[in-house]
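Novice: Here it is, the structure in full.
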Amino acid sequence: MQRRTFIVAAAATCMLISGTVQAQSYRAEYRLSTTLGTAFPWGQAGERWAELVKEKTQGRINIKLYSGNSLVGGDQTREFTAIRQGVIDMSIGSTINWSPQVKELNLFSLPFLMPDYKAIDALTQGEVGKELFAVLEKREVVPLAWGENGFREMSNSKRAITSPADMKGMKFRVVGSPLYNETFSALGANPTQMSWADAQPALASGAVDGQENPLSVFVAAKLSTVGQKYLTLWHYVADPLIFVVNKQVWASWTPADREAVRQAALQAGRENVEKARKGIAGNDNAVLKQIEAAGVTVTNPTAEQRAAFVQATRPVYDKWSKTIGADLVKKAETAIAKR
Ligand code: X2X
């Protein structure tokens, strides 16, 4: 009996100690990295995730938002590495910004792969999305949910663009992987890699003529005020956002809190996709009206004009399909065809 009492007491002590360790392993604050701030749907998604996590964990997990990629000196292409290293605890990141490290994420940057919003959803919400999450898990981050930056439209300060010939020699700011350099070079333009932080002054000074970003970004960053007077709606690529947590941080939370963080990410992700499409998708063109009201000439290429962009960039698509993985690209094409 005495021995039994001892074992019970010892077990209780162990539980107490591990309980204490568990409680102590929660930090006062977790760092959440995003590229864009709260003036944009992306930064608002960060704010919302933090708010929902706080609520669902009764304040056990407190998140502080670091937008502008401030934890990596503004260099968005270093964000993924910093998450793995624990410099960043959590992130809502663009597939473009993580693609230098995760080659499969270049999938969404294949020119003209996704013709519409249903196509984006067919990828992120289907088998392809699951497969990409499995890739991220292997790279030791914990993926939780998809969000959206959006279809990336091209703007410039020089002239209306309806064909690759119009882009000849034009300097474009691009970001992410060399895939973007190759795409814009194939179109006859002169691309240069630069962070978002550097892009705005470069546009303002005329060091570059153009850029490509979702309309929600164009509007909130007021790109028309830095000379971007021509906009071409070519929908050539779209970048989803991914909600992730550093693996060690994830492991330090109780299963119940992990589930709370996941549910919060899923909800913030759904809300983010809705917001990112508001005024842009379907019959709602309020954002476009706002852009036109700011004096921007909006060009909608005809099917024929669009085909010329597709054709010029096809070699880039084919080359990068091999880098991304022929099977994954095939799966994506099939999912899109069946949407
Ligand atoms: O830098 C960009 O263009 C932005 C804000 O869209 C991304 O982070 C991919």
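Novice: Does region 81-101 contain any residue that is among the basic types (Lys, Arg) and either touching a Ser or Thr at 6+ places or on another chain (Cβ under 6 Å) or within 14 Å of the ligand (Cβ to nearest atom) (or both)?
Specialist: No, every residue in region 81-101 fails to be among the basic types (Lys, Arg) and either touching a Ser or Thr at 6+ places or on another chain (Cβ under 6 Å) or within 14 Å of the ligand (Cβ to nearest atom) (or both).
Novice: Does region 259-281 contain any residue that is among the hydrophobic types (A, V, I, L, M, F, W, C), without any contact (Cβ under 8 Å) to a residue 24 or more places away in the chain and within 22 Å of Pro214 (Cα to Cα)?
Specialist: No, there is no match, as no residue in region 259-281 is among the hydrophobic types (A, V, I, L, M, F, W, C), without any contact (Cβ under 8 Å) to a residue 24 or more places away in the chain and within 22 Å of Pro214 (Cα to Cα).
For (1) closer than 30 Å to Ser252 by Cβ; (2) in contact (Cβ under 8 Å) with a residue 40 or more places away in the chain; (3) within 16 Å of the ligand (Cβ to nearest atom), each residue gets a yes or a no:
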{"site": "Phe112", "(1), (2), (3)": "no, yes, no"}
{"site": "Asp121", "(1), (2), (3)": "no, yes, no"}
{"site": "Gln125", "(1), (2), (3)": "yes, no, no"}
{"site": "Ala145", "(1), (2), (3)": "yes, yes, no"}
{"site": "Phe151", "(1), (2), (3)": "no, yes, yes"}
{"site": "Ala160", "(1), (2), (3)": "no, yes, no"}
{"site": "Leu187", "(1), (2), (3)": "no, yes, no"}
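Novice: Search region 51-67 for residues that are under 9 Å from Leu32 (Cβ atoms) and pair each with any residue that is of a type in the set (Lys, Arg) and at pLDDT 95 or above when their beta-carbon atoms are under 7 Å apart and the residues are at least 6 apart or on different chains.
Specialist: Close Cβ pairs satisfying both conditions: Lys64/Arg31; Tyr66/Arg31.
Novice: Assuming Pro164 fulfils every condition listed in (1) away from the ligand (no atom under 15 Å from the Cβ); (2) touching a Ser or Thr at 6+ places or on another chain (Cβ under 6 Å) apart from one, which condition is it?
Specialist: Only one criterion in (1) away from the ligand (no atom under 15 Å from the Cβ); (2) touching a Ser or Thr at 6+ places or on another chain (Cβ under 6 Å) is unmet by Pro164, namely (2).
Novice: For the subset of region 251-262 comprising residues that are surrounded by 14 or more Cβ atoms within 10 Å (Cβ to Cβ) and small (Gly, Ala, Ser), which member is nearest to Trp146 (Cα to Cα)?
Specialist: Filtering first and then ranking leaves Ala260.
Novice: Something else now. Criterion first (free of Cβ contacts under 8 Å to residues at least 12 places away in the same chain and closer than 25 Å to Gly43 by Cα) does Lys130 satisfy it?
Specialist: Yes: the conditions hold for Lys130.
Novice: Restricting to region 179-196, give me the number of residues that are more than 17 Å from the chain's Cα centre (by Cα), not in a loop (DSSP other than H, G, I, E, B) and not polar (S, T, N, Q).
Specialist: 4
Novice: Could you please give the count of residues in region 263-315 that are on the phi > 0 side of the Ramachandran plot and surrounded by 13 or more Cβ atoms within 10 Å (Cβ to Cβ)?
Specialist: Here the count works out to 1.
Novice: Would you check which residues across region 197-241 are among the aliphatic types (A, V, I, L, M), in a helix (DSSP H, G or I) and near the ligand (Cβ under 10 Å from one of its atoms) and list them?
Specialist: Ala197, Ala199, Val217
The values are calculated or read from the model by the stated rules, or taken from the named source; none is laboratory data. All values derive from a computational prediction rather than experimental measurement. So basically every Cβ, Gly included, is an ideal-geometry build from the backbone, and we count neighbours across all protein chains shown.
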